[in-house]
Amino acid sequence: MEDAGVLLCRYGELFLKSGNRRRFERVLADNIRAAVADLPGASVSTTHGRTLVRVRPADVDDAAGRLERVFGLVSFSVARKVAAEPDLEAIGAAAVDEARAALARDRLVSFKIESRRADKRFPVQSPEISRRVGGRVHETTGLAVDVHRPALTIGIEVTPGHAFVYGGTRGAPGGLPVGASGRALLLLSGGIDSPVAGWLAAKRGLALDAVYFHSPPYVGEKSRDKVLSLARKLARWQAMRSVTVVPFTDVQKRLRQAGPGELAVVLYRRMMMRIADAVADQLGADALVTGENLGQVASQTIHNLATIEDAARRVVLRPLLTYDKIETTNLAQRIGTYETSILPFDDCCSLFVPAHPATRARVADVAPAEAKLDLAGEVAAAVAASERVAIA
Ligand code: ATP
Ligand code: MG
C-alpha cells in the first residue's frame, strides 16, 4: 500500500524459544492479521525479528488500539518508512520530522536516538547512526541530547531496502500468542475471578472455549447473559471461541439429596469437572482452567481443591491460586471485565448450600453420595442438553 501507516511490532520472549520460534512467529503473525483483518488494505509481514503492520494512515490509531490486545507482542511503534535504499541523509530528515512532530505535541527539552541495524550491509554501524542523526536533530531543533533521561526517544531501524524511524513506543501485553500453547476450557462463572483466570491462561498462549453451568430458575437469564458478555470481553483479546451453557439444576438437586449439605459445594464442583472434561473432549481442549484461589472462601482449601481435581481427567490450571483478591480485582479492572463481573448475579454453587461447608472433604467422604448417582449417565445427559454459543 502506498502512503501506508506502518506499525512496527516487537515480540521479545519468542527469541528464548529457539526451537519453537518459527511456529510462534507464525501464530503471532496470524493473530495480528486477524486483529486488523477488517481494516481495508491492511497487510502484515514478518522480517528480521519484527512484524510490520501496514494500514491506511486514517486507520493507524484504530490498529494501535487493537495491537495493545495481542498477546505475544511486547511493544510497537508507529513508524515512518524511509523509502528504498535508505541513506543517512533520508533517515536524518525523517528523524527531524519525528522530533518536530513531538515538539508540536509537547514541550520537550531533550532526546536521544536509539538505532538498530538489522541489515549488516548498511555501511554505518548503529552507534555511529545514532551519533550522526542525533547531531542533525540537535542542530535543527535545538533539543539537547540526554542519553540517560531523554524526554523523547527517536528509534531508527535499518532493514534491507528500508529504514523505519519512530518517535515513541507503546506497550503491548507480552506473553505468548494465543494458540501457541494449545487449547483449554475455562470454567466461566459470572464472578470476578474466572474471567481474569481465563485472561491469564490466554496470556500464556492458550486458546479458550468456556463452559458455564446454569441453574434456572434459581439463577436467572441475566446471569447467563452476563457470562456471555464476559466471554465477549475476553474475545477482544482473541481469547474466546465459544461458551457451552450446561443446564445444571437437575443434577445439582440430585447431588444435594444424595449427600450431607456440608459436602454440597464439593459434590457440585466434582460434577462440574466431569462435565467440563466431556465438553473439552468435544472441543479438543487439553486442560481445564478455573478461577479458584487458595483460601479465598471456605470451600477453597487445599484439601477441597485436591478432592475436586480428583474428578477431572485433565490437568486443572488455576492461574489465580496465589493471587490476593485486590490483585485479581485490579487486573479485572485493567482488562475490562470488572464492571460486568460486579453486576448483581446469582451463583449456582450457593444453591441449597448450608452456611458452613466442609473444609476438609476427602474423596472417601463424597464417594457414598456419588455412588447413588449414575455419574456417566448424568454427564452424558448434561452434555446432550447443553447449548453452544459462538463468541468469535
Ligand atoms: P468466580 O469469581 O470466578 O466466580 P469465586 O472466587 O467466586 O470465582 P467460586 O464461586 O468458589 O469462586 O468458584 C470457583 C471456580 O469454579 C470459578 O472461578 C469458576 O472457574 C468455577 N465455577 C464456579 N461456578 C461456576 C459456574 N456456574 N459455571 C462455570 N464455572 C463455575
Ligand atoms: Mg463465584
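Of note:
- Candidate lysines - alpha carbon under 18 Å from K253, same-chain residues fewer than 8 apart omitted: K372
- GNM flexibility winner over the chain from V289, V96, V245 (Cα, springs under 10 Å): V96
- Close amide H partners of R183, meaning residues 5 or more places away or on another chain with modelled amide H under 5 Å apart, are A207, D286.
- Averaging the sequence gap over all C-alpha pairs within less than 8 Å and six or more residues apart, then dividing by the number of residues, gives the chain a relative contact order of 16 percent.
- When the chain is treated as a GNM with alpha-carbon contacts under 10 Å, the residue of A201, A355, A34 showing the greatest mean-square fluctuation is A355.
- Segment 248-347, relative contact order in percent, only Cα pairs under 8 angstrom and at least six apart counted: 26
- Computed over segment 182-390: relative contact order in percent, which uses C-alpha pairs under 8 Å that are six or more apart: 33
- Taking every DSSP bridge with both residues inside segment 6-171, close to 75 percent are antiparallel.
- Cross-link reach list, aspartates and glutamates versus K112, counting only Cα pairs under 19 Å and skipping chain neighbours closer than eight places: E89, D97, E98, E128, E139, D146, E157
- Among P57, P173, P217, residue whose mean-square fluctuation peaks in a GNM of the chain (springs only between Cα atoms under 10 Å): P217
- The chain - Rg over Rh from alpha carbon coordinates, Kirkwood radius: 1.11
- Its DSSP H runs of at least 4 residues, each contributing -39,500 (n - 2.57), put the calculated 222 nm mean residue ellipticity of the chain at -12500 deg cm²/dmol, to the nearest 500.
- Under 21 Å from the Cα of K203 - lysines, other chains or at least 8 residues apart: K17, K233, K325
- Helix runs (DSSP H) in the chain reaching 20 Å along axis by Cα, Kyte-Doolittle at least 0.0: 88-105, 264-283
No lab work stands behind these numbers, since they all come straight from the coordinates. If you're wondering where the values come from, they're calculated on a predicted model, not measured in any experiment.
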